[in-house]
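Engineer: Before I ask anything, let me first share the structure, which is written out below as structure tokens.
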Amino acid sequence: MNAHVLQHVPFEGIGSISDCLDRRGVTVTTTRFFESDPLPDLDGIDLVIAMGGPMSVNGEETLPWLVAEKAFIREAIDRGIAVLGICLGAQLIASACGAKVYPGRQREIGWFPIEVVNAGPDALPFPDKAKVLHWHGETFDLPSGAMHLARSAACEHRAFQIGKRVLGLQFHPEVTPASLATMLEHSREDLVPGQFVQREKEILSAGEEDFARLGELTGRLLDGMVGRE
């Protein structure tokens, strides 16, 4: 199996997803937009992973590569290739599928619970409730035909799927203690006081069990999208 990662900033890599892919013997390639890497041909790619980043999907005038990236994601979806979008990546899937992306009512940064909205027979395997790491200021409408999977107190659209092989997550299942520290180092200025913005000390108080649960969730979701190890 071949996976291709769309990485927008150096401090938001695939984190614990790397272990999930290694266990499956997946070959991983990466487009690093911050290094002006070109996008590959989709032939031979089985899974596209669009990662997070501080930019807006609407910033095409200053970041023209967003146009090509959205077209790449849309083509992958149309071809039936599995696509996983995380945070900004989820917004990119929504935008590529014609849905609006816009500022949320308030920022959501820190460890907050999500709850399942749709647990039908075709839904990917979400727990009824889970505490996950959020770091976003924008949100999106659901793309046409998408299944709404999860919400939080601050944001209605936290996860959605299109068919059985496209998944958008408006949170960070890939986070590890090391990657969280790096995110804080580069984005500490986002921690403006608000109802759903935790202080740095609270964000760093997450225990090993929190990261382990996220890793298990990531593995289950990948199993549902592309098959078991």
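Bear in mind that the values in this text are calculations on the coordinates, not laboratory data. If you're wondering where the values come from, they're calculated on a predicted model, not measured in any experiment. Please note: Cβ atoms are built from the backbone with ideal geometry, for glycine as well, and neighbour counts cover all protein chains shown.
Engineer: Using amide H atoms built in the peptide plane, which far-off residues or other-chain residues are under 5 Å from Ala159 H to H?
Structural biologist: Leu149, Ala150, Gln170
Engineer: What value, in deg cm²/dmol to 500, does the helix sum -39500 (n - 2.57) over DSSP H runs of n ≥ 4 give at 222 nm once divided by the residues of the chain?
Structural biologist: Helices in the chain give a 222 nm mean residue ellipticity of -8500 deg cm²/dmol.
Engineer: Roughly what % antiparallel, to the nearest 5, for the DSSP beta bridges in the range 19-169?
Structural biologist: Once the DSSP bridges in the range 19-169 are tallied, antiparallel ones form about 70 percent.
Engineer: Quick one: if you stick a label point 7 Å off each Cα along the C-beta vector at Ala71 and Tyr102, how many nm between them?
Structural biologist: About 2.7 nm, to one decimal.
Engineer: To the nearest 0.05, how large is the calculated FRET efficiency for Ala153 and Ala181 if R₀ is 30 Å and r is the Cβ-Cβ distance?
Structural biologist: Taking R0 as 30 Å, the efficiency between Ala153 and Ala181 is 0.70.
Engineer: Based on C-alpha coordinates, I'd like the Rg and Dmax of the range 96-229, in Å.
Structural biologist: Values for the range 96-229 (Cα only, Rg and Dmax): 14.9, 42 Å.
Engineer: Given labels modelled 7 Å from the Cα in the Cβ direction, how far is it in nm from Asp128 to Asp78?
Structural biologist: Label-label distance for Asp128 and Asp78, simple model: 4.2 nm.
Engineer: A further question follows. Toward the positive end of the charge dipole of the chain, about the Cα centre and with charges on Cβ (Lys, Arg +1; Asp, Glu -1), which of Ile14, Phe140, Leu39 goes farthest?
Structural biologist: Phe140
Engineer: Another question, if that's okay. For Glu189 paired with Leu42, estimate the spin-label separation in nm (one decimal), with each label point 7 Å from Cα along the Cα-to-Cβ line.
Structural biologist: Going from the Glu189 label point to the Leu42 one covers 3.6 nm.
Engineer: Please list 3J(HN,Hα) in residue order for the range 20-25, calculated via the Karplus relation 6.51 cos²θ - 1.76 cosθ + 1.60 where θ = phi - 60°; whole Hz, with x for glycine and proline.
Structural biologist: My calculation for the range 20-25 gives 4, 6, 4, 5, 8, x Hz in order.
Engineer: If I take the Cα coordinates of the range 2-226 and project them onto the principal axes, what are the three extents in Å, biggest first?
Structural biologist: Reported extents, whole Å, longest axis first: 45, 42, 34.
Engineer: I need the helices of the chain that pass two filters: whole DSSP H segments spanning 20 Å or more by Cα along the axis, and mean Kyte-Doolittle score no lower than 0.0.
Structural biologist: Helices passing the filter in the chain: 65-79.
Engineer: Let me know the volume per residue of the alpha-carbon convex hull for the range 5-100, in Å³.
Structural biologist: Here the figure is 94 Å³ per residue.
Engineer: For Asn118, what charge total do you get from the other residues with a beta carbon under 13 Å from its beta carbon, if Lys and Arg give +1 and Asp and Glu give -1?
Structural biologist: -2
Engineer: Packing-wise, with mean Cβ within 10 Å as the measure, how do 18-25, 93-100 rank, highest first?
Structural biologist: Result, highest mean Cβ count within 10 Å first: 93-100, 18-25.
Engineer: Whole-Hz ³J(HN,Hα) for each residue in the range 131-144, computed from phi via Karplus 6.51 cos²θ - 1.76 cosθ + 1.60 with θ = phi - 60°, x for glycine and proline: what do you get?
Structural biologist: 8, 10, 8, 10, 7, 7, x, 10, 9, 8, 7, 6, x, 4
Engineer: Which whole-number percent gives the relative contact order of the range 89-140, counting Cα pairs below 8 Å spaced six or more residues apart? List each step's numbers first, then the result.
Structural biologist: Details: 62 pairs, mean separation 24.7, N = 52.
After rounding, I find 47 percent.
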